[in-house]
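This report concerns only the one structure given below.
The values are calculated or read from the model by the stated rules, or taken from the named source; none is laboratory data. Keep in mind the model is a prediction, meaning the values are calculated, not measured. Note that we place each Cβ from the backbone using ideal geometry, even for glycine, and neighbour counts take in every protein chain shown.
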Amino acid sequence: MYIKLLYKFEQKEKSLRDKEARMKEIDQELQIKEEIENIQNQIEGLKSAISGFINRKREIERDIDESKDQLKGITSLLNGNKLKTSKEVRAAKKTKENLEAKTEELEKNLEFTETAIKEKESQIKELEKETAEQEERLQSIHKERELLGKEIKNETAKLKKEFRKIAKEIPEDIMIRYEKIKDSFPYGAISPIEKGACLNCGAMLPLEVLEELKDSKGEKLIRCEVCGKILYFPEEIK
């Protein structure tokens with residue numbers, strides 16, 4: 001009976017440790033906040049780049065309009081036979097060629113700028129979507145942490161109270177031995193037996209040890225000769 005009480009208490013301790021371990025994992029997961037900040041910085045960088053491209057797009061559009069106006073004027077001169085000498089005609093044709101080349105180059109630059117703006121806007125949408133997902137996950141993690149923190153606090157208080165109660169029910173000599181052994185096994189000093197073997201180390205137990213465990217009915221502290229843990233013979237296996 002005594003070993004059973006201690007074993008069940010250790011199982012509750014294990015449940016609490018699992019929650020504490022999860023709390024540590026959550027603290028690591030909360031670093032996602034830094035990831036969100038990095039993404040937001042990327043978005044701001046892209047927005048700044050778009051602003052620069054938009055300004056450049058306006059400049060190019062103005063240059064194109066100006067170049068087309070000049071081209072229209074030169075074309076009008078050539079088509080209207082308003083030039084007096086062949087030299088003026090050649091100069092006008094050369095100017096027209098230069099303006100056409102310039103206009104073509106400006107239109108290519110405009111197309112590149114518009115494409116860059118669209119690409120960066122698309123990148124921003126993807127990053128904003130990722131940010132929203134990460135922020136939703138962050139809120140979920142915060143809620144889990146808050147709930148888990150309350151559970152850990154309540155269970156810790158309950159276990160301290162329960163241990164004091166158990167300590168009063170179990171003979172002092174057994175408690176002293178148990179606590180000394182537990183110093184070597186802080187995560188659980190008691191190992192159940194299954195199919196004649198210690199579940200901690202897997203060692204098969206001698207028949208006389210199994211008989212002694214049955215006869216003691218959990219009121220005697222018997223250790224595994226291999227791993228040193230206290231053996232617990234569950235009643236349902238008897």
- Task: State yes or no: is residue 36 surrounded by 14 or more Cβ atoms within 10 Å (Cβ to Cβ), in the same structural domain as residue 153 (by TED's automatic domain parsing) and modelled with pLDDT of 95 or more?
- Result: no
- Message: Tell me yes or no: at least one residue of region 197-209 is surrounded by 11 or more Cβ atoms within 10 Å (Cβ to Cβ) and charged (D, E, K, R).
- Response: no
- Item | Residue pairs meeting the criteria (Cβ under 6 Å; at least 6 apart or on separate chains; first part of a helix (DSSP H, G or I), in region 47-66; second of a type in the set (Gly, Ala, Ser) and at pLDDT below 95) | none
- Item | Single unsatisfied condition, residue 129 versus (1) exposed (fewer than 11 other Cβ atoms within 10 Å of the Cβ); (2) modelled with pLDDT under 95 | (2)
- Message: Checking the structure you have, find out if any residue of region 107-117 is out of contact with any Gly (no Cβ under 9 Å at 6 or more places or on another chain) and outside any helix (DSSP H, G or I).
- Response: no
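Per-residue answers, yes or no, for (1) among the basic types (Lys, Arg); (2) under 15 Å from residue 7 (Cβ atoms); (3) assigned by TED's automatic domain parsing to the domain that holds residue 218; (4) part of a helix (DSSP H, G or I):
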residue: 146; (1), (2), (3), (4): no, no, no, yes
residue: 149; (1), (2), (3), (4): no, no, no, yes
residue: 152; (1), (2), (3), (4): no, no, no, yes
residue: 156; (1), (2), (3), (4): no, no, no, yes
residue: 159; (1), (2), (3), (4): no, yes, no, yes
residue: 162; (1), (2), (3), (4): no, yes, no, yes
residue: 165; (1), (2), (3), (4): yes, no, no, yes
residue: 180; (1), (2), (3), (4): yes, no, yes, yes
residue: 184; (1), (2), (3), (4): no, no, yes, no
- Note on the structure: By residue number, the members of region 182-219 that are among the small types (Gly, Ala, Ser) and in contact with a Leu (Cβ under 7 Å, 6 or more places away or on another chain) are 191, 196, 197
- Query: Within region 57-74, is even one residue of a type in the set (A, V, I, L, M, F, W, C), more than 57 Å from the chain's Cα centre (by Cα) and more than 30 Å from residue 128 (Cα to Cα)?
  - Reply: yes
- Message: Against the condition loosely packed, with under 14 Cβ neighbours inside 10 Å, modelled with pLDDT of 95 or more and among the hydrophobic types (A, V, I, L, M, F, W, C), how does residue 116 come out, does it pass?
- Response: no
- Exactly one condition in (1) modelled with pLDDT of 95 or more; (2) surrounded by 13 or more Cβ atoms within 10 Å (Cβ to Cβ); (3) under 24 Å from residue 16 (Cα atoms) is not met by residue 193; state its number. (1)
